[in-house]
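Below is one structure, written out as C-alpha coordinates; the observations come after it.
The values are calculated or read from the model by the stated rules, or taken from the named source; none is laboratory data. Predicted model only: the values in this text are computed from it and were never measured. With ideal geometry, Cβ positions are generated from the backbone for all residues, glycine too; neighbour counts draw on all protein chains shown. SASA here: full protein model, heavy atoms, side chains in, ligands and nucleic acids out. Shrake-Rupley method; radii C 1.70, N 1.55, O 1.52, S 1.80 Å.
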Amino acid sequence: MSTVQNEWPLWEVFVRSKAGLDHKHCGSLHAADAKMAIQMGRDVYTRRQEGVSVWVVRSDQIVASDPGDKAMYFDPAEDKVYRHPTFYELPKSLDHM
Amino acid sequence: MYTQAMDTIGKDEAPKALRSAEEAQLQERFDARIDAGDFIEAKDWMPEHYRKTLVRQISQHAHSEIVGMLPEGNWISRAPTLKRKAILLAKVQDEGGHGLYLYAAAETLGASRDQLFDALHTGKAKYSSIFNYPTLSWADMGTIGWLVDGAAIMNQVPICRCSYAPYARAMIRICREESFHQRQGFEALLTMMTHGTEAQKAMVQDAVNRWWWPSIMMFGPPDDESPNSAQSMRWGIKRVSNDELRQKFIDATVDQAKLLGVSLPDPDLKWNEARQSHDFGTIDWSEFKRVLAGDGPCNKERLAARVKAWDDGAWVREAAMAHANKQAMKEAA
(Lines give C-alpha, C1' and ligand atoms only; values in the text may rest on other atoms or scores of the structure.)
Protein backbone atom coordinates (compact mmCIF):
# COMPACT_ATOMS: atom_id res chain seq x y z
CA MET A 1 0.00 0.00 0.00
CA SER A 2 2.72 2.42 1.00
CA THR A 3 4.82 3.79 -1.84
CA VAL A 4 7.41 5.71 0.16
CA GLN A 5 9.66 3.25 1.93
CA ASN A 6 11.04 4.96 5.01
CA GLU A 7 10.47 2.13 7.40
CA TRP A 8 12.93 -0.59 8.28
CA PRO A 9 12.38 -3.87 6.45
CA LEU A 10 10.07 -6.51 7.88
CA TRP A 11 11.43 -9.75 9.36
CA GLU A 12 9.68 -12.95 10.45
CA VAL A 13 10.76 -14.29 13.82
CA PHE A 14 11.04 -17.97 14.78
CA VAL A 15 11.74 -19.07 18.34
CA ARG A 16 12.90 -22.42 19.71
CA SER A 17 11.18 -22.62 23.09
CA LYS A 18 13.56 -25.20 24.53
CA ALA A 19 16.38 -27.46 23.48
CA GLY A 20 15.11 -30.41 21.49
CA LEU A 21 12.08 -28.66 20.02
CA ASP A 22 11.74 -27.06 16.60
CA HIS A 23 11.70 -23.33 15.90
CA LYS A 24 8.18 -21.98 15.66
CA HIS A 25 6.98 -18.83 13.92
CA CYS A 26 5.92 -16.32 16.55
CA GLY A 27 5.52 -12.99 14.75
CA SER A 28 7.29 -10.27 12.86
CA LEU A 29 9.13 -7.02 13.44
CA HIS A 30 10.91 -4.20 11.64
CA ALA A 31 14.71 -3.97 11.87
CA ALA A 32 17.47 -2.32 9.86
CA ASP A 33 19.61 -5.46 9.58
CA ALA A 34 19.84 -9.09 10.67
CA LYS A 35 21.78 -8.41 13.84
CA MET A 36 19.24 -5.88 15.00
CA ALA A 37 16.38 -8.22 14.04
CA ILE A 38 17.82 -10.99 16.25
CA GLN A 39 18.26 -8.62 19.15
CA MET A 40 14.78 -7.17 18.82
CA GLY A 41 13.34 -10.64 18.35
CA ARG A 42 14.77 -11.49 21.74
CA ASP A 43 13.40 -8.31 23.34
CA VAL A 44 9.95 -8.51 21.79
CA TYR A 45 9.25 -12.25 21.84
CA THR A 46 11.24 -13.77 24.73
CA ARG A 47 10.73 -11.42 27.68
CA ARG A 48 9.69 -14.36 29.86
CA GLN A 49 12.21 -16.99 28.84
CA GLU A 50 10.02 -18.19 25.99
CA GLY A 51 13.05 -19.18 23.97
CA VAL A 52 16.60 -20.47 23.80
CA SER A 53 17.21 -19.67 20.13
CA VAL A 54 15.90 -17.11 17.62
CA TRP A 55 15.84 -17.27 13.83
CA VAL A 56 14.95 -14.30 11.68
CA VAL A 57 14.33 -14.13 7.95
CA ARG A 58 13.39 -11.22 5.74
CA SER A 59 9.64 -11.45 5.11
CA ASP A 60 10.13 -10.76 1.40
CA GLN A 61 12.33 -13.87 1.19
CA ILE A 62 9.55 -16.24 2.24
CA VAL A 63 7.88 -18.23 -0.51
CA ALA A 64 4.42 -19.52 0.38
CA SER A 65 1.78 -21.72 -1.19
CA ASP A 66 -1.23 -19.93 -2.65
CA PRO A 67 -4.14 -19.83 -0.16
CA GLY A 68 -6.55 -19.74 -3.10
CA ASP A 69 -5.28 -23.16 -4.18
CA LYS A 70 -5.61 -24.62 -0.71
CA ALA A 71 -8.26 -27.18 -1.59
CA MET A 72 -6.73 -28.27 -4.88
CA TYR A 73 -3.29 -28.41 -3.34
CA PHE A 74 -3.87 -30.25 -0.09
CA ASP A 75 -7.06 -32.25 -0.59
CA PRO A 76 -5.49 -35.02 -2.69
CA ALA A 77 -4.20 -36.46 0.60
CA GLU A 78 -7.74 -36.63 1.94
CA ASP A 79 -8.76 -39.94 0.40
CA LYS A 80 -5.54 -41.74 1.22
CA VAL A 81 -6.65 -43.11 4.54
CA TYR A 82 -4.35 -46.11 4.10
CA ARG A 83 -1.47 -43.78 5.04
CA HIS A 84 -2.68 -43.83 8.63
CA PRO A 85 -2.04 -46.72 11.03
CA THR A 86 -5.67 -46.75 12.15
CA PHE A 87 -6.72 -47.90 8.65
CA TYR A 88 -5.51 -51.41 9.42
CA GLU A 89 -7.59 -53.73 11.55
CA LEU A 90 -5.46 -56.24 13.36
CA PRO A 91 -6.28 -58.94 15.89
CA LYS A 92 -6.85 -57.55 19.39
CA SER A 93 -3.68 -59.13 20.70
CA LEU A 94 -1.63 -57.17 18.14
CA ASP A 95 -3.49 -53.87 18.36
CA HIS A 96 -0.62 -52.02 19.96
CA MET A 97 1.58 -52.65 16.90
CA MET B 1 -3.78 -2.83 28.25
CA TYR B 2 -6.67 -2.28 25.91
CA THR B 3 -9.06 0.26 24.87
CA GLN B 4 -12.74 0.88 24.75
CA ALA B 5 -14.73 -0.85 22.08
CA MET B 6 -13.10 1.05 19.24
CA ASP B 7 -15.16 -0.60 16.57
CA THR B 8 -18.00 1.78 17.31
CA ILE B 9 -16.13 4.88 16.28
CA GLY B 10 -15.30 4.44 12.62
CA LYS B 11 -17.01 6.27 9.83
CA ASP B 12 -16.43 3.79 7.04
CA GLU B 13 -18.74 4.03 4.10
CA ALA B 14 -21.28 1.25 3.86
CA PRO B 15 -20.01 -1.84 2.05
CA LYS B 16 -20.20 -1.34 -1.69
CA ALA B 17 -22.62 -3.38 -3.72
CA LEU B 18 -20.94 -6.49 -5.02
CA ARG B 19 -19.42 -6.07 -8.41
CA SER B 20 -19.35 -9.44 -10.04
CA ALA B 21 -20.63 -12.97 -9.82
CA GLU B 22 -17.12 -14.07 -8.95
CA GLU B 23 -17.00 -11.69 -6.02
CA ALA B 24 -20.44 -12.80 -4.88
CA GLN B 25 -19.16 -16.34 -4.83
CA LEU B 26 -16.07 -15.35 -2.84
CA GLN B 27 -18.28 -13.51 -0.40
CA GLU B 28 -20.51 -16.54 -0.02
CA ARG B 29 -17.53 -18.76 0.68
CA PHE B 30 -16.18 -16.24 3.18
CA ASP B 31 -19.52 -16.06 5.04
CA ALA B 32 -19.68 -19.83 5.16
CA ARG B 33 -16.21 -20.00 6.69
CA ILE B 34 -17.15 -17.42 9.32
CA ASP B 35 -20.34 -19.36 10.10
CA ALA B 36 -18.35 -22.56 10.46
CA GLY B 37 -16.08 -20.83 12.98
CA ASP B 38 -13.07 -20.97 10.63
CA PHE B 39 -10.17 -18.58 11.04
CA ILE B 40 -9.29 -16.14 8.26
CA GLU B 41 -5.59 -15.76 7.44
CA ALA B 42 -3.77 -12.77 5.96
CA LYS B 43 -3.69 -13.94 2.33
CA ASP B 44 -7.25 -15.29 2.25
CA TRP B 45 -9.91 -13.40 0.35
CA MET B 46 -11.95 -11.13 2.61
CA PRO B 47 -14.55 -8.40 2.04
CA GLU B 48 -13.01 -4.94 1.85
CA HIS B 49 -15.18 -3.74 4.73
CA TYR B 50 -13.96 -6.59 6.95
CA ARG B 51 -10.36 -5.62 6.14
CA LYS B 52 -10.96 -1.94 6.86
CA THR B 53 -12.78 -2.63 10.12
CA LEU B 54 -9.89 -4.80 11.28
CA VAL B 55 -7.16 -2.35 10.26
CA ARG B 56 -8.98 0.36 12.17
CA GLN B 57 -9.64 -1.72 15.27
CA ILE B 58 -6.23 -3.42 15.46
CA SER B 59 -4.29 -0.21 14.82
CA GLN B 60 -6.33 1.72 17.38
CA HIS B 61 -5.66 -1.07 19.80
CA ALA B 62 -1.92 -0.83 18.99
CA HIS B 63 -1.93 2.95 19.41
CA SER B 64 -3.57 2.50 22.81
CA GLU B 65 -0.77 0.20 23.94
CA ILE B 66 1.85 2.70 22.84
CA VAL B 67 0.17 5.80 24.26
CA GLY B 68 -0.65 3.73 27.35
CA MET B 69 3.07 3.65 28.15
CA LEU B 70 3.04 7.39 28.84
CA PRO B 71 0.87 7.72 31.97
CA GLU B 72 2.84 4.94 33.66
CA GLY B 73 6.22 6.00 32.34
CA ASN B 74 5.52 9.15 34.32
CA TRP B 75 6.13 7.20 37.56
CA ILE B 76 9.11 5.00 36.73
CA SER B 77 11.66 7.41 38.17
CA ARG B 78 9.50 8.01 41.24
CA ALA B 79 8.53 4.44 42.17
CA PRO B 80 8.80 4.03 45.97
CA THR B 81 11.14 1.01 45.95
CA LEU B 82 13.53 -0.72 43.58
CA LYS B 83 11.14 -3.69 43.44
CA ARG B 84 8.23 -1.49 42.35
CA LYS B 85 10.43 0.25 39.82
CA ALA B 86 11.51 -3.06 38.27
CA ILE B 87 7.86 -4.19 38.11
CA LEU B 88 6.71 -0.93 36.53
CA LEU B 89 9.54 -1.02 33.97
CA ALA B 90 8.58 -4.59 33.03
CA LYS B 91 4.95 -3.58 32.68
CA VAL B 92 5.67 -0.57 30.50
CA GLN B 93 7.99 -2.68 28.36
CA ASP B 94 5.17 -5.20 27.98
CA GLU B 95 2.84 -2.46 26.73
CA GLY B 96 5.44 -1.55 24.11
CA GLY B 97 5.66 -5.21 23.11
CA HIS B 98 1.88 -5.50 22.89
CA GLY B 99 1.81 -2.48 20.60
CA LEU B 100 4.36 -4.18 18.34
CA TYR B 101 2.45 -7.48 18.15
CA LEU B 102 -0.65 -5.55 17.18
CA TYR B 103 1.01 -3.29 14.60
CA ALA B 104 2.44 -6.44 13.01
CA ALA B 105 -1.07 -7.97 12.92
CA ALA B 106 -2.48 -4.81 11.28
CA GLU B 107 0.33 -4.84 8.72
CA THR B 108 -0.67 -8.32 7.55
CA LEU B 109 -3.80 -6.62 6.18
CA GLY B 110 -1.77 -4.39 3.88
CA ALA B 111 -1.35 -1.23 5.96
CA SER B 112 2.26 -0.10 6.40
CA ARG B 113 3.76 0.79 9.78
CA ASP B 114 4.51 4.29 8.51
CA GLN B 115 0.87 4.80 7.53
CA LEU B 116 -0.32 3.59 10.90
CA PHE B 117 2.08 5.86 12.80
CA ASP B 118 1.17 8.75 10.57
CA ALA B 119 -2.51 8.30 11.38
CA LEU B 120 -1.71 8.37 15.09
CA HIS B 121 0.65 11.32 14.93
CA THR B 122 -1.65 13.49 12.85
CA GLY B 123 -4.57 12.77 15.16
CA LYS B 124 -6.53 10.90 12.48
CA ALA B 125 -6.52 7.66 14.44
CA LYS B 126 -7.99 7.29 17.89
CA TYR B 127 -6.59 5.55 20.93
CA SER B 128 -8.30 4.62 24.16
CA SER B 129 -9.55 7.75 25.91
CA ILE B 130 -8.54 6.31 29.30
CA PHE B 131 -4.96 7.44 28.65
CA ASN B 132 -6.01 11.05 28.46
CA TYR B 133 -6.42 11.16 32.22
CA PRO B 134 -3.45 12.20 34.39
CA THR B 135 -1.59 9.94 36.83
CA LEU B 136 -1.43 12.16 39.91
CA SER B 137 -0.11 9.88 42.65
CA TRP B 138 1.69 6.57 43.14
CA ALA B 139 -1.68 5.00 43.98
CA ASP B 140 -2.68 5.67 40.35
CA MET B 141 -0.15 3.03 39.28
CA GLY B 142 -1.82 0.35 41.38
CA THR B 143 -5.28 1.53 40.36
CA ILE B 144 -4.45 1.47 36.66
CA GLY B 145 -3.22 -2.10 37.05
CA TRP B 146 -6.27 -3.19 39.00
CA LEU B 147 -9.07 -1.35 37.17
CA VAL B 148 -7.76 -0.28 33.76
CA ASP B 149 -5.84 -3.49 33.04
CA GLY B 150 -8.67 -5.44 34.66
CA ALA B 151 -11.18 -3.91 32.26
CA ALA B 152 -8.72 -4.43 29.41
CA ILE B 153 -8.41 -8.14 30.16
CA MET B 154 -12.19 -8.51 30.30
CA ASN B 155 -12.34 -6.84 26.88
CA GLN B 156 -9.46 -8.76 25.37
CA VAL B 157 -10.14 -12.34 26.33
CA PRO B 158 -13.02 -12.71 23.82
CA ILE B 159 -10.79 -11.26 21.05
CA CYS B 160 -8.53 -14.31 21.44
CA ARG B 161 -11.30 -16.04 19.45
CA CYS B 162 -11.49 -13.33 16.78
CA SER B 163 -12.08 -14.69 13.27
CA TYR B 164 -8.98 -12.91 11.97
CA ALA B 165 -6.22 -15.28 13.01
CA PRO B 166 -3.19 -12.93 13.18
CA TYR B 167 -5.18 -10.66 15.55
CA ALA B 168 -6.35 -13.64 17.62
CA ARG B 169 -2.78 -14.94 17.90
CA ALA B 170 -1.49 -11.54 19.03
CA MET B 171 -4.29 -11.36 21.60
CA ILE B 172 -3.49 -14.78 23.02
CA ARG B 173 0.09 -13.68 23.59
CA ILE B 174 -1.05 -10.38 25.11
CA CYS B 175 -3.60 -11.96 27.46
CA ARG B 176 -1.00 -14.43 28.70
CA GLU B 177 1.26 -11.54 29.67
CA GLU B 178 -1.41 -9.17 30.88
CA SER B 179 -2.52 -11.10 33.95
CA PHE B 180 0.58 -9.97 35.84
CA HIS B 181 -0.36 -6.35 35.14
CA GLN B 182 -3.63 -6.58 37.03
CA ARG B 183 -2.20 -8.66 39.88
CA GLN B 184 0.75 -6.37 40.51
CA GLY B 185 -1.64 -3.40 40.61
CA PHE B 186 -3.95 -4.99 43.13
CA GLU B 187 -1.02 -6.11 45.25
CA ALA B 188 0.49 -2.61 45.25
CA LEU B 189 -2.83 -1.19 46.47
CA LEU B 190 -3.28 -3.96 49.03
CA THR B 191 0.17 -3.17 50.43
CA MET B 192 -0.80 0.49 50.86
CA MET B 193 -4.17 -0.37 52.39
CA THR B 194 -2.67 -2.95 54.79
CA HIS B 195 0.59 -1.33 55.83
CA GLY B 196 0.14 2.27 54.74
CA THR B 197 -0.46 5.42 56.75
CA GLU B 198 -3.89 7.05 56.80
CA ALA B 199 -2.66 9.49 54.16
CA GLN B 200 -1.57 6.61 51.91
CA LYS B 201 -4.92 4.88 52.33
CA ALA B 202 -6.67 8.11 51.41
CA MET B 203 -4.44 8.31 48.36
CA VAL B 204 -5.69 4.89 47.22
CA GLN B 205 -9.33 5.89 47.73
CA ASP B 206 -8.74 9.11 45.78
CA ALA B 207 -7.19 7.20 42.89
CA VAL B 208 -10.08 4.71 42.81
CA ASN B 209 -12.57 7.59 42.84
CA ARG B 210 -10.90 9.16 39.81
CA TRP B 211 -10.38 5.97 37.75
CA TRP B 212 -13.64 4.10 38.38
CA TRP B 213 -15.91 5.83 35.87
CA PRO B 214 -13.34 6.13 33.07
CA SER B 215 -12.61 2.42 33.57
CA ILE B 216 -16.18 1.28 33.08
CA MET B 217 -16.43 3.58 30.05
CA MET B 218 -13.64 1.52 28.47
CA PHE B 219 -16.21 -1.06 27.40
CA GLY B 220 -17.63 1.47 24.98
CA PRO B 221 -21.08 2.97 24.46
CA PRO B 222 -24.19 1.00 25.46
CA ASP B 223 -25.22 -1.73 23.04
CA ASP B 224 -28.16 0.23 21.62
CA GLU B 225 -25.76 3.03 20.65
CA SER B 226 -23.14 0.81 19.02
CA PRO B 227 -24.21 0.74 15.39
CA ASN B 228 -21.22 -1.23 14.13
CA SER B 229 -21.38 -3.90 16.79
CA ALA B 230 -23.85 -6.11 14.96
CA GLN B 231 -21.63 -6.30 11.87
CA SER B 232 -18.55 -7.02 13.99
CA MET B 233 -20.45 -9.76 15.80
CA ARG B 234 -21.58 -11.22 12.47
CA TRP B 235 -17.95 -11.34 11.34
CA GLY B 236 -16.66 -12.89 14.54
CA ILE B 237 -14.47 -9.86 15.25
CA LYS B 238 -16.46 -9.08 18.36
CA ARG B 239 -17.76 -11.91 20.48
CA VAL B 240 -19.39 -10.36 23.54
CA SER B 241 -21.37 -7.09 23.71
CA ASN B 242 -20.16 -3.92 25.45
CA ASP B 243 -22.87 -3.95 28.12
CA GLU B 244 -22.39 -7.62 28.89
CA LEU B 245 -18.64 -7.14 29.40
CA ARG B 246 -19.18 -4.03 31.50
CA GLN B 247 -21.61 -5.87 33.79
CA LYS B 248 -19.20 -8.76 34.17
CA PHE B 249 -16.40 -6.38 35.10
CA ILE B 250 -18.48 -4.51 37.67
CA ASP B 251 -19.70 -7.74 39.27
CA ALA B 252 -16.13 -9.01 39.57
CA THR B 253 -14.74 -5.72 40.87
CA VAL B 254 -17.20 -5.10 43.71
CA ASP B 255 -15.87 -8.00 45.79
CA GLN B 256 -12.28 -7.04 45.05
CA ALA B 257 -12.97 -3.50 46.32
CA LYS B 258 -14.36 -4.97 49.55
CA LEU B 259 -11.25 -7.07 50.00
CA LEU B 260 -9.13 -4.01 49.43
CA GLY B 261 -11.18 -1.88 51.82
CA VAL B 262 -12.06 0.89 49.37
CA SER B 263 -15.45 2.13 48.23
CA LEU B 264 -16.48 2.56 44.60
CA PRO B 265 -17.74 6.08 43.85
CA ASP B 266 -21.25 5.13 42.78
CA PRO B 267 -24.11 5.55 45.31
CA ASP B 268 -26.42 3.53 43.04
CA LEU B 269 -24.18 0.49 43.00
CA LYS B 270 -26.04 -2.38 44.69
CA TRP B 271 -26.75 -6.06 44.34
CA ASN B 272 -29.90 -6.96 42.46
CA GLU B 273 -31.09 -10.34 43.66
CA ALA B 274 -33.48 -10.81 40.73
CA ARG B 275 -30.82 -10.13 38.09
CA GLN B 276 -28.06 -11.82 40.10
CA SER B 277 -25.93 -8.82 39.14
CA HIS B 278 -25.10 -5.37 40.41
CA ASP B 279 -27.17 -2.37 39.40
CA PHE B 280 -25.09 0.74 38.85
CA GLY B 281 -25.51 4.47 38.28
CA THR B 282 -25.81 6.36 35.01
CA ILE B 283 -22.56 6.74 33.09
CA ASP B 284 -21.76 10.26 31.92
CA TRP B 285 -21.32 9.55 28.22
CA SER B 286 -20.91 13.23 27.45
CA GLU B 287 -17.57 13.07 29.29
CA PHE B 288 -16.58 10.00 27.28
CA LYS B 289 -17.39 11.74 24.00
CA ARG B 290 -15.64 14.92 25.05
CA VAL B 291 -12.39 13.14 26.01
CA LEU B 292 -12.50 10.99 22.90
CA ALA B 293 -13.00 14.05 20.73
CA GLY B 294 -9.80 15.58 22.09
CA ASP B 295 -10.91 17.61 25.07
CA GLY B 296 -9.67 15.43 27.94
CA PRO B 297 -7.20 16.54 30.61
CA CYS B 298 -4.11 15.17 28.78
CA ASN B 299 -4.97 14.67 25.09
CA LYS B 300 -2.54 17.32 23.82
CA GLU B 301 0.24 16.30 26.18
CA ARG B 302 0.01 12.60 25.26
CA LEU B 303 0.06 13.15 21.53
CA ALA B 304 2.83 15.75 21.79
CA ALA B 305 4.99 13.34 23.85
CA ARG B 306 4.44 10.59 21.29
CA VAL B 307 5.22 12.82 18.29
CA LYS B 308 8.33 14.18 20.01
CA ALA B 309 9.63 10.67 20.72
CA TRP B 310 9.07 9.75 17.09
CA ASP B 311 10.71 12.90 15.71
CA ASP B 312 13.64 12.75 18.11
CA GLY B 313 14.29 9.16 17.05
CA ALA B 314 14.33 9.97 13.32
CA TRP B 315 18.11 10.31 13.10
CA VAL B 316 18.59 6.93 14.83
CA ARG B 317 16.27 5.19 12.39
CA GLU B 318 17.99 6.85 9.42
CA ALA B 319 21.49 6.12 10.72
CA ALA B 320 20.68 2.45 11.36
CA MET B 321 19.31 2.08 7.84
CA ALA B 322 22.29 3.87 6.30
CA HIS B 323 24.66 1.63 8.26
CA ALA B 324 22.79 -1.50 7.15
CA ASN B 325 22.88 -0.38 3.51
CA LYS B 326 26.59 0.38 3.69
CA GLN B 327 27.37 -3.02 5.24
CA ALA B 328 25.26 -4.76 2.60
CA MET B 329 27.15 -2.93 -0.18
CA LYS B 330 30.48 -3.85 1.36
CA GLU B 331 29.45 -7.49 1.45
CA ALA B 332 28.30 -7.38 -2.15
CA ALA B 333 31.58 -5.83 -3.34
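Key figures
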read-out	value
Residues of the stretch A:45-84 buried by at least 10 Å² on assembly (accessible area, 1.4 Å probe, chain alone as reference)	A:Tyr45, A:Arg47, A:Arg48, A:Glu50, A:Pro67, A:Lys70
The protein assembly as shown, helix-only ellipticity at 222 nm - DSSP H runs n ≥ 4, -39,500 (n - 2.57), divided by all residues, nearest 500	-16500 deg cm²/dmol
The stretch A:10-94: C-alpha gyration tensor shape, a/c 1.5 cut-off, then a/b vs b/c	oblate
For the stretch B:199-333: relative contact order, % (alpha-carbon pairs under 8 angstrom, 6 or more apart)	19
Shielding by partners, peptide B:94-101 (average Cβ within 10 angstrom, other chains)	3
Peptide B:107-116 - average C-beta neighbours from other chains (10 Å radius)	4
Using θ = phi - 60° and Karplus 6.51 cos²θ - 1.76 cosθ + 1.60, couplings along the stretch B:290-303 (whole Hz; Gly, Pro as x)	5, 5, 5, 6, x, 9, x, x, 10, 3, 5, 4, 4, 5
Size of electric dipole in the stretch B:115-251: Cβ of Lys, Arg +1 and of Asp, Glu -1, about Cα centre, debye, nearest 20	540
Derived scalar couplings ³J(HN,Hα) [the stretch A:43-48; Karplus, 6.51 cos²θ - 1.76 cosθ + 1.60; whole Hz; x for Gly, Pro]	5, 7, 10, 9, 6, 10
Sum of side-chain charges, B:Lys308 neighbourhood, beta-carbon under 14 Å (Lys, Arg +1; Asp, Glu -1)	0
Dipole magnitude of the protein assembly as shown, debye to nearest 20 (Cβ charges: Lys/Arg +1, Asp/Glu -1, about Cα centre)	1200
Relative contact order of chain B, pairs being alpha-carbon contacts under 8 Å that are 6 or more residues apart, as %	22
Summed buried accessible surface, chains A and B, 1.4 Å probe, nearest 100 Å²	1900
Residues whose placed amide H lies under 5 Å from that of A:Ala31, excluding near-sequence neighbours	A:Trp11
For B:Pro222, net neighbour charge (Lys/Arg +1, Asp/Glu -1) across residues whose Cβ lies under 9 Å away	-3
Within the accessible area of the protein assembly as shown (1.4 Å probe), percent carbon and sulfur	57
Span per principal axis, largest first, for the Cα atoms of the stretch B:32-156 (Å)	54, 34, 21
10 Å Cβ neighbours from other chains, averaged over peptide A:22-35	4
Segments A:67-73, A:35-41, A:45-51, B:144-150 sorted - mean Cβ within 10 Å per residue, highest first	B:144-150, A:35-41, A:45-51, A:67-73
Solvent exposure of the protein assembly as shown as accessible area per residue, Å², 1.4 Å probe	53
Too-long pairs where the Cα-Cα distance tops 31 Å, listed order kept, from B:Lys43/B:Lys300; B:Lys43/B:Lys330; B:Lys83/B:Lys258	B:Lys43/B:Lys300; B:Lys43/B:Lys330
